[in-house]
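Below: one structure, written as structure tokens.
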Protein chains: 2
Amino acid sequence: MVRLNDLRAGEVTVEAPPPVDAGLVFIGRVHTPWTDPVECPRQGRKDGPICRIEVFEPWVAALDGITEFEYLEVLYWLHLSRRDIVKQSPRNSSVVRGAFSLRTPVRPNPIGTQIVKLVRVEGANIFVRGLDCLDGTPLIDLKPDRCAFTPIVPHQPGDN
Amino acid sequence: MVRLNDLRAGEVTVEAPPPVDAGLVFIGRVHTPWTDPVECPRQGRKDGPICRIEVFEPWVAALDGITEFEYLEVLYWLHLSRRDIVKQSPRNSSVVRGAFSLRTPVRPNPIGTQIVKLVRVEGANIFVRGLDCLDGTPLIDLKPDRCAFTPIVPHQPGDN
């Protein structure tokens, strides 16, 4: 069952330190068909609907070259999530497990990652398949999928 | 050549908005053999050295269940990186390309992601192979690798 920020039997919260060690800038916004957490898929599918990733200025120039890649890694901010539940009950039962052994949105730093298939780019908008987040989710990064990417930089000692 | 925060010919910077849209808490620290950027591998290798990921309190309880997974996804904060170079010159030549089409540490939100092989867990310390970051890099998240993870939560409408 989707968590609407309630706490379930057996779950363990902590008094989390204030999240001030580093700051993020939202570089865009993700547009998906899902506006209700209950309707949102838990994991993206390669044959899922085409979704639009909108990149804000001044970051649009950083998209140059992105169409070379079939798959992209997308990082987004799970803006509706609690951050303090260290032991969670995925089935809403008495069985709990640690947040780091789950891909739950509820985590100390609620960052989601997904590998998506690039469909096309139109200006500041990237159309992809494979997302699984709510409409309006803030974007924090885009990278080529690591499997497809070979470093362009020249060799350096640490590479061996 | 490794960038030591210099700017190269043809590169384009922007006046980046202040990174205040969301805040991160460092949940641990990564210990690797590499203290000099020139010695650091550009991409982790499955047969790389065993590195230690130290998790800070109050987050250690969130590790419960993590030994079930052979591969983990690690998110870390590339604390030495500039964030303002939207077009970059990987080869230090006149050829530039967008930051989002590179896996460079220099990006608006300098978050690195890596898939690592779990070797063992000892209390608050996780020993893994496959990292490629500098010693002392702040940790921001740990998740089961998406390829190995099947959601535990019951079915919901959006999954279809």
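Considering A:Asp84, A:Asp135, the condition of being more than 26 Å from B:Asp64 (Cβ to Cβ), open to solvent by 20 Å² or more (accessible area, probe 1.4 Å) and modelled with pLDDT of 95 or more is satisfied by A:Asp135 alone. Only one of the listed residues (B:Arg129, B:Arg120, B:Arg146, B:Arg103) is under 12 Å from the mean Cα position of the chain (by Cα) and open to solvent by 40 Å² or more (accessible area, probe 1.4 Å). That residue is B:Arg103.
If you go through segment A:4-14 and keep only what is more than 7 Å from chain B (Cβ to nearest Cβ) and open to solvent by 30 Å² or more (accessible area, probe 1.4 Å), you end up with A:Leu4, A:Asn5, A:Asp6, A:Leu7, A:Ala9, A:Gly10, A:Thr13.
Residues in segment A:55-81 that are open to solvent by 60 Å² or more (accessible area, probe 1.4 Å), of a type in the set (D, E, K, R) and not in a loop (DSSP other than H, G, I, E, B): A:Glu68 only.
Could you tell me how many of the residues in segment B:84-115 are among the acidic types (Asp, Glu) and within 20 Å of B:Pro41 (Cβ to Cβ)?
Keep residues of segment B:84-115 that are among the acidic types (Asp, Glu), which gives B:84.
Next, only the ones that are within 20 Å of B:Pro41 (Cβ to Cβ) stay: none.
The number of residues fulfilling the criteria is 0.
Pick from segment A:27-36 the residues that are surrounded by fewer than 18 Cβ atoms within 10 Å (Cβ to Cβ) and assigned to a loop (DSSP other than H, G, I, E, B): which of them is farthest from the other protein chains (Cβ to nearest Cβ)?
A:Thr35
When A:Asn5 is tested against (1) modelled with pLDDT of 95 or more; (2) under 19 Å from A:Val95 (Cα atoms); (3) polar (S, T, N, Q), exactly one condition is not met: (1). B:Thr67 fulfils the conditions (1) out of contact with any Asp or Glu (no Cβ under 8 Å at 6 or more places or on another chain); (2) under 24 Å from A:Pro151 (Cβ atoms) except for a single criterion, (2). Output the residues belonging to segment A:37-71 that are over 16 Å from the mean Cα position of the chain (by Cα), acidic (Asp, Glu) and more than 8 Å from every other protein chain (Cβ to nearest Cβ). Of everything in segment A:37-71, those that are over 16 Å from the mean Cα position of the chain (by Cα), acidic (Asp, Glu) and more than 8 Å from every other protein chain (Cβ to nearest Cβ) turn out to be A:Asp47, A:Glu57, A:Glu70. When we screen B:Arg52, B:Arg42 for residues that are touching a helix residue (DSSP H, G or I) at 6+ places or on another chain (Cβ under 7 Å), within 27 Å of A:Gln114 (Cα to Cα) and either outside any loop (DSSP other than H, G, I, E, B) or open to solvent by 40 Å² or more (accessible area, probe 1.4 Å) (or both), the only hit is B:Arg42. Identify all residues within segment A:36-61 that are among the small types (Gly, Ala, Ser) and without any contact (Cβ under 8 Å) to a residue 12 or more places away in the chain; write none if there are none. Of everything in segment A:36-61, just one residue is among the small types (Gly, Ala, Ser) and without any contact (Cβ under 8 Å) to a residue 12 or more places away in the chain, namely A:Ala61. For A:Pro19, the stated conditions hold: it is at the interface with chain B (Cβ under 7 Å from one of its Cβ atoms) and in a loop (DSSP other than H, G, I, E, B). Taking (1) under 23 Å from B:Ser101 (Cα atoms); (2) of a type outside the set (Lys, Arg); (3) more than 8 Å from chain B (Cβ to nearest Cβ) in turn, A:Leu24 satisfies each apart from (3).
The residues of segment A:107-117 that are open to solvent by 10 Å² or more (accessible area, probe 1.4 Å) and within 14 Å of the chain's Cα centre (by Cα), listed by number, are A:Gln114, A:Ile115. Take B:Gly123 and tell me if it is on the phi > 0 side of the Ramachandran plot and without any contact (Cβ under 8 Å) to a residue 12 or more places away in the chain. Against the criterion (on the phi > 0 side of the Ramachandran plot and without any contact (Cβ under 8 Å) to a residue 12 or more places away in the chain), B:Gly123 does not qualify. Residue count for segment B:37-64 under the criterion of being at pLDDT 95 or above and under 27 Å from B:Gly23 (Cβ atoms): the result is 14.
The values are calculated or read from the model by the stated rules, or taken from the named source; none is laboratory data. Note that this is a predicted model, so its numbers are computed, not measured. No Cβ is skipped: glycine too gets one built from the backbone with ideal geometry, and neighbour counts run over all protein chains shown. Ligands, DNA and RNA are stripped out before the accessible areas are found, and what is left, the full protein with its side chains, is counted by its heavy atoms. Shrake-Rupley method; radii C 1.70, N 1.55, O 1.52, S 1.80 Å.
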